[in-house]
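The values are calculated or read from the model by the stated rules, or taken from the named source; none is laboratory data. Nothing here was measured: the structure is a model prediction, and the numbers come from that model. Backbone-built Cβ (ideal geometry, glycine too); neighbour counts: all protein chains shown.
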């Protein structure tokens, strides 16, 4: 269902960082009367609400903040839920809408129904999906191909979908929650999969949202479930470990794997020469908060985007061939995933500094080089005095941030500030 000016819309979840802002703007531009409801109070939503002031002033946008009201999910024509809403199949307000025959959808569902699926590259996986999607987009642009990056990264594409040239490509990072919403059982619409599906890998993650690994895998596999005959799926295990290295500015064997997968996808989708696709990655800068050097000497690295144990191990391996002394800060919000794999490598480290809700259990599984710090400031202030001149300090938590920070970006920014402001650290950037 594509709404028009006669469609009364309820948007469930603006989010403190504006996750629902793109779809709200798009609905307002289409002339829809919109009710925006969020469990957060107004003071927690100041930044995204400021961008909606005009519509609030005209009365086109109505706010219901601090709680959800049953009537807002009954007296409406369409409900647009934030895909991050926990357990949406059991949410009482979404179920009220369903029971009253009100369609329930999401921003990503509204977007993909307006795209030519044959020109959509959808990327999912547990680790590497953000980097791989960004690499695909980067090399397409570098090779003169019009590309738009969106989904779980890059912001909403809804506002520009109507003016995209017909030969454009959309590269979408798709989370497991987004993919659940694209299954027909979620919205009573036909299921959707991209024409080019990309699966980097699958390992346990987000068990707090899915309940168990089986449901998580089922959602990830949705990326291929509704593909049409002739449509393609490329996976990380299709990449040959003996492939010639691609010159990159970012470190790590895993980034070589991401790059080779991106080249394979770009070539298969558009027909560009694999060599040209690889050369298009020569100046790929990497992603913020993903193995990001925060000092000029390259001794302090922000890998806050690492929210799984596998990602942390990959970060360690990116440096360990050349640096024998690595200090690791790890821990955070508990997603129900075992962190024993991080604890088991503690003897390889110059120090392990645990933080957050999972810090105590992580420390219990680790060796004597472990320091129970609790919070990020204590971890940085404990680690730096223990560092020798060639040592590295790596923030790669292996966990989400929500116990102590609103998101991984805020956690990474805090790490950067702590390093820059620490006495004796020269050349920070």
I'd like to know if the range 245-253 contains one or more residues that are modelled with pLDDT under 90, surrounded by 16 or more Cβ atoms within 10 Å (Cβ to Cβ) and in contact with a helix residue (DSSP H, G or I) (Cβ under 6 Å, 6 or more places away or on another chain). yes
For the range 64-93, the count of residues that are out of contact with any helix residue (DSSP H, G or I) (no Cβ under 7 Å at 6 or more places or on another chain), under 25 Å from residue 5 (Cβ atoms) and touching a residue at least 24 places away in the same chain (Cβ under 8 Å) equals 7
Checked the range 109-123 for anything farther than 17 Å from residue 169 by Cβ and either touching a strand residue (DSSP E or B) at 6+ places or on another chain (Cβ under 8 Å) or in a loop (DSSP other than H, G, I, E, B) (or both); matches are 110, 113
Just one listed residue, out of 269, 278, is touching a strand residue (DSSP E or B) at 6+ places or on another chain (Cβ under 6 Å) and more than 15 Å from residue 395 (Cβ to Cβ), and it is 269
Considering the range 1-33, residues that are outside any loop (DSSP other than H, G, I, E, B) and free of Cβ contacts under 8 Å to residues at least 60 places away in the same chain, and then whichever is surrounded by the fewest Cβ atoms within 10 Å (Cβ to Cβ), we arrive at 28
Restricting the range 184-194 to residues that are surrounded by fewer than 19 Cβ atoms within 10 Å (Cβ to Cβ) and out of contact with any strand residue (DSSP E or B) (no Cβ under 8 Å at 6 or more places or on another chain), the one nearest to residue 137 (Cα to Cα) turns out to be 191
Within the range 185-224, residues farther than 22 Å from residue 334 by Cα, outside any loop (DSSP other than H, G, I, E, B), free of Cβ contacts under 8 Å to residues at least 60 places away in the same chain and touching a helix residue (DSSP H, G or I) at 6+ places or on another chain (Cβ under 9 Å) come out as 221, 222
Note on the range 143-177: residues surrounded by fewer than 17 Cβ atoms within 10 Å (Cβ to Cβ), in a helix (DSSP H, G or I) and touching a helix residue (DSSP H, G or I) at 6+ places or on another chain (Cβ under 9 Å) are 159
Counting only residues in the range 273-291 that are out of contact with any helix residue (DSSP H, G or I) (no Cβ under 7 Å at 6 or more places or on another chain) and not in a loop (DSSP other than H, G, I, E, B), the one surrounded by the fewest Cβ atoms within 10 Å (Cβ to Cβ) is identified as 275
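Each row is one residue, and each column tells you yes or no for (1) modelled with pLDDT of 95 or more; (2) surrounded by fewer than 22 Cβ atoms within 10 Å (Cβ to Cβ).
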| site | (1), (2) |
| --- | --- |
| 315 | no, no |
| 324 | no, yes |
| 329 | yes, no |
| 341 | yes, yes |
